[in-house]
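Peer 1: Just dropping this structure here.
The values are calculated or read from the model by the stated rules, or taken from the named source; none is laboratory data. Keep in mind that what you see is a predicted model, and the values were worked out from it rather than measured. No Cβ is skipped: glycine too gets one built from the backbone with ideal geometry, and neighbour counts run over all protein chains shown. Ligands, DNA and RNA are stripped out before the accessible areas are found, and what is left, the full protein with its side chains, is counted by its heavy atoms. Shrake-Rupley method; radii C 1.70, N 1.55, O 1.52, S 1.80 Å.
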Amino acid sequence: MTSDGDKSYVGRFAPSPSGALHAGSLVAALASWLDARAHGGRWLVRIEDLDAPRNVAGAAERILDQLDRCGLRADEAPIRQSTRTSPYEAALERLLAADLAYPCGCSRRDLELAAAPADGERYRHDERVYPGTCRDGLKGKAARSTRLRTDRSPRGIDADTGTVIAWTDRRLGAMRQDVAEEIGDFVLKRADGVWAYQLAVVVDDAAQGITDVVRGEDLAGNTARQILLQRRLGLPTPRYLHTPLVLAASGDKLSKQTGAAPLDLADPLDALGAAGAVLGIEARGTSLADWLVSAVADWHRRWPLP
């Protein structure tokens, strides 16, 4: 079952090929697929393979095979971020030309050795908020990374360009973050030349016409930075829905870093049923196709578009 639908709906699943899908990543894949199908839209897959040292040979192909075995098939051929240097470069050049980004010469060690903070200095998760050290020039240091300025707003873009970002997550509700105060000037291109996730995902979501981002709750903290970048670049902002996480025995998010095992697809229906249970889906069906039809209907009931 699908609704009459928003025919302009475009969703996506964007895995990193650092290993095969595990139980947690299947939850995100299933949720994004269900949301697209429930609202009569298209579902795309994007391989986020910019961080070459973390990529595992053959992982992208294995991920696509796992999705296919679960009946989660994209409506277009997947794209790979590693082929998209030009649009990232163009976006960065636009920000630099508008004095909304700047080269930074600070190394990780420089930040670690920074003087002890005074009372009340800004921190986030025990990490010092970047204070704009290189905003006014490198002062003899060599350029390493490139950062977005959060002390300045663009001209000529008809949008809210302040750094206090408020949005409504379809599951988590009202959200708010002051990027300047809580994050500081964040990296757009890393010192090793790798494009930062925040810039790449914003450019790619706009290029692919993504209207709805459905992803794991661990990525909710990135949303304000991405909305700020969308506004700075004059790009549309999608709707967001962040799904529950699958936790490891330690209580941490299940991930490759916490020892998540590759997805067991001896019976894809069992794997989907487990993922659906995390999402609160009530679906029935003795075949993969029937279960997915039932799951789409239940998702449509639970998660209508605003």
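Peer 1: Can you go through 117, 103 and tell me which one is over 14 Å from residue 232 (Cα atoms) and at pLDDT 95 or above?
Peer 2: Values: 117 fails: at pLDDT 95 or above.
From the options 117, 103, the qualifying one is 103.
Peer 1: Could you list, in sequence order, the residues of segment 77-113 that are closer than 29 Å to residue 276 by Cβ and either of a type in the set (Ser, Thr, Tyr) or surrounded by fewer than 12 Cβ atoms within 10 Å (Cβ to Cβ) (or both)?
Peer 2: 77
Peer 1: Starting from residues that are assigned to a helix (DSSP H, G or I) and in contact with a Gly (Cβ under 9 Å, 6 or more places away or on another chain), keep the ones in segment 280-298 and report whichever is nearest to residue 62 (Cα to Cα).
Peer 2: Of everything passing the filter in segment 280-298, 288 is nearest to residue 62 (Cα to Cα).
Peer 1: Looking only at segment 255-279, filter to residues that are open to solvent by less than 30 Å² (accessible area, probe 1.4 Å) and part of a loop (DSSP other than H, G, I, E, B); which one of those is modelled with the lowest pLDDT?
Peer 2: The selected residue is 255.
Peer 1: A further question on this structure: Considering segment 36-72 alone, what residues qualify as being loosely packed, with under 13 Cβ neighbours inside 10 Å and closer than 23 Å to residue 202 by Cα?
Peer 2: Those that are loosely packed, with under 13 Cβ neighbours inside 10 Å and closer than 23 Å to residue 202 by Cα: 52, 53.
Peer 1: Restricting attention to segment 219-233, does a residue exist that is outside any helix (DSSP H, G or I) and open to solvent by 10 Å² or more (accessible area, probe 1.4 Å)?
Peer 2: no
Peer 1: Go through (1) at pLDDT below 95; (2) touching a helix residue (DSSP H, G or I) at 6+ places or on another chain (Cβ under 6 Å) and name the single condition residue 164 misses.
Peer 2: (2)
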